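The values are calculated or read from the model by the stated rules, or taken from the named source; none is laboratory data. It should be emphasised that the depicted structure is a prediction, and the values quoted were computed from it without experimental measurement. Methodologically, a virtual Cβ is constructed for each residue, glycine included, from the backbone with ideal geometry; neighbour enumeration extends over all protein chains shown.
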Amino acid sequence: MTRRSALKLIGAASAAAQETIFDLLIKHGEVFDPASRRRGRFDIGITGPRIAKIAPSLPASRSRLTIDAGEYLVTPGLIDLRVHCDTLLSGGVHAGHHATRSGVTTVVDSGSATASNLDESYSRMRVAAHTRILCWLRSDQDASVDSVAATAAKHRDIIAGIWAPKAEDLPRARTLAAAIGKPLLTGAPSAASLKQGEIQTQVFAPDASAVDDKRKLRPELASARGRGVLFDSGDLWFRIAGPAIGQGFLPDTVSTNLTVGSARLPEASMMTTLSKLVNLGVTVNDALERVTAGPARALRRPDLGTLREGGPADLALIAVESERRGFLDAGHTRLSGGKSLRAALTLRQGKVVWDLDGLVSADWLHTGPYSNFR
Amino acid sequence: MRHTVSCLLVVALAAAQSPPEYDLLIRGGRVIDPANSLDAIQDVAVRGTRIARVATSIPAVSAKRVVDAAGLYVVPGLIDLHAHAYGTELALSQDDTALPAGVTTAVDCGGAGWRTFEDFKETVIDRSVTRILVFLNIVGAGMVGPAAEDNLEDMDPAATANKIKQYPGLIVGIKNAHFGLPGWESVRRSVEAGRLSNTPVILDNHILTKMQRTTREKLLEILRPGDMHTHLYNDRQVEVVDRFTGKVQPWMFEARRRGVLFDMGHGAGSFLWPVASKAMEQGFPPDTISTDLHKLSILGSKSDMPNCISKMMLLGMTLPDAIARSTVNPAKAIGQFPALGTLGEGKEADIAVLATRTGVFAFLDALAKKRMGHQKIECVLTVRAGRVVFDRDGLAFPDWRKAGDYGVTP
């Protein structure tokens with residue numbers, strides 16, 4: 001070897017060394033990321049907790065581990081805009097269990113905490129959560145605006161906004177939301193009075209139904225939407241969602257309003273909720289947009305719900321399967337459907353937190369002897 | 001003639017108008033009730049909170065609500081002998097995670113000790129839809145960390161036995177877990193509490209060879225017939241399979257002959273494919289199938305009861321055998337048979353409806369190593385004390401287009 005060719009080799013080696021080595025490469029997946037308008041077959045390279053590279057083709061030789069996602073949709077980790085996950089309160093679910101198995105990497109707790117007990121409530125929610133938890137702070141008549149603003153300043157990243165349970169809470173909640181510069185969410189029927197950026201949930205439930213007694217779309221929804229009011233699904237009643245979707249209405253975001261009760265009857269986990277909507281005629285893409293770009297916009301968090309280089313490696317691999325089965329709704333009625341969505345893999349900050357299909361797990365016969373003897 | 005016909009009509013109409021005899025009828029499923037040696041297509045009728053009838057053909061009109069279970073398995077509500085509902089921050093709400101898995105009875109495995117039991121009862125047990133029974137920790141403070149679990153001074157057999165006698169049928173035994181000191185004192189005191197209260201002991205202790213403790217001695221000399229060891233299929237506790245020869249240890253067969261019971265207790269570290277496979281090849285199944293489900297183990301290997309049953313079937317166990325080890329066997333182990341673990345008429349109506357799904361599935365062990373299989377057991381419907389508490393596919397409810405106004409179907 002001449003000195004010159006040796007130098008050339010060294011140069012090539014150092015160039016290769018400068019190329020990022022991925023910890024995980026997700027190849028051939030059908031990427032759907034409405035926020036960045038990215039659709040189609042892309043490879044995604046992940047290094048540590050972040051997405052390092054998204055490109056039409058990335059070589060497997062650059063990655064420690066490669067999975068073939070050819071059979072799956074690859075989406076940003078889903079956002080569930082409304083759950084109940086303080087396990088000390090009756091009905092609070094284990095966020096980790098319900099989020100990870102549904103491809104959800106961000107949940108927003110709905111009013112379990114006020115500004116005064118956020119610390120203790122949040123520490124319970126976080127146990128083995130393996131998911132990002134944000135909080136809608138419950139509007140609190142007693143706490144001063146200043147103290148709520150102080151709490152919000154201290155916990156800027158985890159506070160989603162203010163939750164107004166009842167119509168009479170709205171004025172106070174609006175004051176608090178303005179003081180902390182975050183959105184307001186309410187389950188009380190108040191579409192007619194809400195303002196831009198405020199969110200009306202429960203539009204597919206009798207509480208704040210999108211349709212009237214004759215199952216006709218309420219006209220105030222269109223005018224509210226014109227003002228920039230946002231709509232969230234919450235509890236799902238087929239008798240409301242069916243006619244509303246039939247008349248062309250889709251909420252801006254889809255949430256589960258998950259509790260210990262609703263997780264059992266009607267099995268309101270995110271994948272099942274999306275499957276129900278798809279079987280009511282919503283396209284898979286429309287449904288997924290409402291749990292990614294939709295809630296990111298509602299939360300005013302453009303950093304969430306999208307896939308971008310340098311961003312957090314929060315991803316879901318979703319399979320859409322044909323299967324005849326029934327689904328139950330919050331009003332305890334059945335819908336016969338032929339399609340189901342299933343989360344095969346959930347990645348949170350680059351870590352595999354759910355691997356239903358064993359995509360990253362080694363086969364036991366090929367791992368050599370292993371033991372937990374210590 | 002005409003008169004007779006009209007008389008008959010009147011009688012028939014009256015019969016039709018009288019309220020249905022049963023509240024719930026699960027029709028046409030394959031009923032597997034090992035305690036009654038029943039494995040056949042049968043109908044199960046429920047009245048109020050109890051099972052009223054199990055028979056070959058019960059008419060649909062005799063029930064207010066009918067579930068078509070054709071193609072499904074109807075089994076006694078599963079009993080998870082190793083659950084965590086209290087005492088550790090990793091404990092789960094059983095109503096959240098047990099009921100959707102077909103589990104109607106969860107036995108909390110040592111979360112509370114005699115000094116914390118009443119708090120457990122008030123804050124969790126009395127508020128749960130799931131029936132929660134208790135293995136009381138020999139440690140008075142319960143399962144609150146290594147310091148407490150090594151504290152011999154807080155292991156009081158008499159106080160533990162007294163608490164058990166105060167709550168018969170609710171506290172069903174004694175747990176000793178994670179004891180990290182040399183010797184056998186924690187096990188001896190647990191067995192003493194068991195002798196005083198006439199209840200079994202369930203152990204969860206590591207092999208600590210440096211501390212003069214071996215498995216053989218523990219199992220053969222200290223445990224009584226009917227006492228249990230959980231975590232059968234890891235290799236740092238009972239060491240069911242010799243890690244050098246791959247043979248099931250002779251003392252395991254000897255302990256089983258003596259009546260010591262072995263529980264699966266899958267958990268986050270205690271089901272390994274190499275261990276389970278070798279043990280099953282040599283004829284050493286767990287007496288009871290259980291999950292050791294907590295906030296961590298529920299994520300990694302998804303090891304709820306249907307998952308554990310599927311894994312045992314992958315290793316060659318039949319479904320009826322797996323159901324026996326998930327119903328009647330645990331009921332007997334905790335002295336609750338025949339009140340629990342069977343579908344007999346007059347029994348509380350705790351029922352699980354299961355389905356087999358075929359396809360290609362990955363089953364992850366506690367160290368996330370996968371083994372591929374082609375069938376998976378899933379829970380589709382759970383009845384607890386006569387009430388439908390989980391219904392994945394809406395089998396017990398009307399079609400939404402025919403459901404009328406906005407009332408919630410009860």
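Among the numbered criteria (1) within 12 Å of chain A (Cβ to nearest Cβ); (2) within 22 Å of the chain's Cα centre (by Cα), which one does residue B:279 miss? For residue B:279, the failing item is (1).
Of the numbered criteria (1) within 13 Å of another protein chain (Cβ to nearest Cβ); (2) outside any helix (DSSP H, G or I); (3) at pLDDT 95 or above, the one residue B:302 fails is (3). Return the residue satisfying two criteria in turn: it lies in the range A:160-193 and is among the aliphatic types (A, V, I, L, M) and under 17 Å from residue A:255 (Cβ atoms), and of such residues it is surrounded by the fewest Cβ atoms within 10 Å (Cβ to Cβ). If we take residues in the range A:160-193 being among the aliphatic types (A, V, I, L, M) and under 17 Å from residue A:255 (Cβ atoms), then A:188 is surrounded by the fewest Cβ atoms within 10 Å (Cβ to Cβ).
Residue B:219 satisfies every condition listed in (1) surrounded by fewer than 18 Cβ atoms within 10 Å (Cβ to Cβ); (2) not in a loop (DSSP other than H, G, I, E, B) except (1).
Among the residues of the range A:236-246, those that are more than 10 Å from every other protein chain (Cβ to nearest Cβ) and small (Gly, Ala, Ser) comprise A:244, A:246. For the range A:294-318, the set of residues classified as part of a helix (DSSP H, G or I) and either touching a Phe, Trp or Tyr at 6+ places or on another chain (Cβ under 9 Å) or buried (at least 24 other Cβ atoms within 10 Å of the Cβ) (or both) consists of A:294, A:295, A:298, listed by residue number. Being touching a residue at least 60 places away in the same chain (Cβ under 8 Å), surrounded by 24 or more Cβ atoms within 10 Å (Cβ to Cβ) and within 22 Å of residue A:267 (Cβ to Cβ) holds for only one residue in B:71, B:77, and it is B:77. For the range A:319-335, filtered to residues that are touching a residue at least 24 places away in the same chain (Cβ under 8 Å) and either within 7 Å of chain B (Cβ to nearest Cβ) or over 25 Å from the mean Cα position of the chain (by Cα) (or both), the residue that is surrounded by the most Cβ atoms within 10 Å (Cβ to Cβ) is A:329. Can you go through B:161, B:147 and tell me which one is surrounded by 15 or more Cβ atoms within 10 Å (Cβ to Cβ) and of a type in the set (A, V, I, L, M)? Being surrounded by 15 or more Cβ atoms within 10 Å (Cβ to Cβ) and of a type in the set (A, V, I, L, M) holds for just one of B:161, B:147, which is B:161. The numbered conditions (1) closer than 24 Å to residue A:343 by Cβ; (2) more than 10 Å from chain A (Cβ to nearest Cβ) are all true for residue B:317 except (1).
Taking the numbered list (1) more than 11 Å from chain A (Cβ to nearest Cβ); (2) modelled with pLDDT under 95; (3) surrounded by fewer than 22 Cβ atoms within 10 Å (Cβ to Cβ); (4) closer than 28 Å to residue B:278 by Cβ in turn, residue B:368 passes all entries but (1). When we screen A:284, A:291 for residues that are surrounded by fewer than 19 Cβ atoms within 10 Å (Cβ to Cβ), away from chain B (no Cβ under 12 Å) and β-branched (Val, Ile, Thr), the only hit is A:284. Looking at the range B:233-249, is at least one residue closer than 22 Å to residue B:362 by Cα, buried (at least 19 other Cβ atoms within 10 Å of the Cβ) and within 11 Å of chain A (Cβ to nearest Cβ)? Yes, the range B:233-249 contains at least one residue that is closer than 22 Å to residue B:362 by Cα, buried (at least 19 other Cβ atoms within 10 Å of the Cβ) and within 11 Å of chain A (Cβ to nearest Cβ). If you go through the range A:247-270 and keep only what is more than 12 Å from every other protein chain (Cβ to nearest Cβ) and either out of contact with any Phe, Trp or Tyr (no Cβ under 6 Å at 6 or more places or on another chain) or among the small types (Gly, Ala, Ser) (or both), you end up with A:247, A:248, A:249, A:250, A:253, A:254, A:255, A:256, A:257, A:270.
Count of the range A:156-178 residues, restricted to those that are in a loop (DSSP other than H, G, I, E, B) and more than 19 Å from residue A:82 (Cβ to Cβ), is 1.
Among the residues of the range A:231-276, those that are in contact with a Ser or Thr (Cβ under 6 Å, 6 or more places away or on another chain) and farther than 20 Å from residue A:109 by Cβ comprise A:238, A:240, A:275.
Of these, B:295, B:311, which one is in a helix (DSSP H, G or I), crowded, with 21+ Cβ neighbours inside 10 Å, within 14 Å of another protein chain (Cβ to nearest Cβ) and charged (D, E, K, R)? Of the residues listed, the single one that is in a helix (DSSP H, G or I), crowded, with 21+ Cβ neighbours inside 10 Å, within 14 Å of another protein chain (Cβ to nearest Cβ) and charged (D, E, K, R) is B:311.
Listed conditions (1) out of contact with any Phe, Trp or Tyr (no Cβ under 9 Å at 6 or more places or on another chain); (2) away from chain B (no Cβ under 14 Å); (3) acidic (Asp, Glu) are all met by residue A:120, apart from (2). Of everything in the range A:210-235 that is in a loop (DSSP other than H, G, I, E, B) and in contact with a strand residue (DSSP E or B) (Cβ under 9 Å, 6 or more places away or on another chain), the residue that is nearest to the other protein chains (Cβ to nearest Cβ) is A:210. In the range B:279-302, the residues that are within 14 Å of residue B:202 (Cβ to Cβ) reach residues that are surrounded by 23 or more Cβ atoms within 10 Å (Cβ to Cβ) and among the basic types (Lys, Arg) with C-beta atoms within less than 9 angstrom, at least six apart or across chains, in these pairs: B:286/B:325; B:287/B:325; B:288/B:325. All conditions but one from (1) assigned by TED's automatic domain parsing to the domain that holds residue B:81; (2) in contact with a Phe, Trp or Tyr (Cβ under 7 Å, 6 or more places away or on another chain); (3) crowded, with 24+ Cβ neighbours inside 10 Å apply to residue B:394; the one that does not is (1).
Screening residue B:385 with (1) within 13 Å of another protein chain (Cβ to nearest Cβ); (2) in contact (Cβ under 8 Å) with a residue 24 or more places away in the chain; (3) hydrophobic (A, V, I, L, M, F, W, C); (4) surrounded by fewer than 18 Cβ atoms within 10 Å (Cβ to Cβ) gives one miss only, at (1). Contact map, the range B:109-138: residues that are touching a residue at least 60 places away in the same chain (Cβ under 8 Å) and within 14 Å of chain A (Cβ to nearest Cβ) paired with residues that are assigned to a helix (DSSP H, G or I) and among the basic types (Lys, Arg), Cβ distance under 9 Å, separation 6+ or inter-chain. Pairs shown: B:129/A:264.
Of everything in the range A:181-239 that is touching a Lys or Arg at 6+ places or on another chain (Cβ under 9 Å) and basic (Lys, Arg), the residue that is nearest to residue A:162 (Cα to Cα) is A:182.
Residue B:346 passes every criterion in (1) within 18 Å of the chain's Cα centre (by Cα); (2) away from chain A (no Cβ under 14 Å) apart from (1). Of the residues examined, residue B:407 is not one that is within 12 Å of chain A (Cβ to nearest Cβ) and at pLDDT 95 or above.
Of all residues in the range A:68-111, those satisfying the criterion of being within 14 Å of chain B (Cβ to nearest Cβ) and polar (S, T, N, Q) are A:87, A:90, A:100, A:102, A:105.
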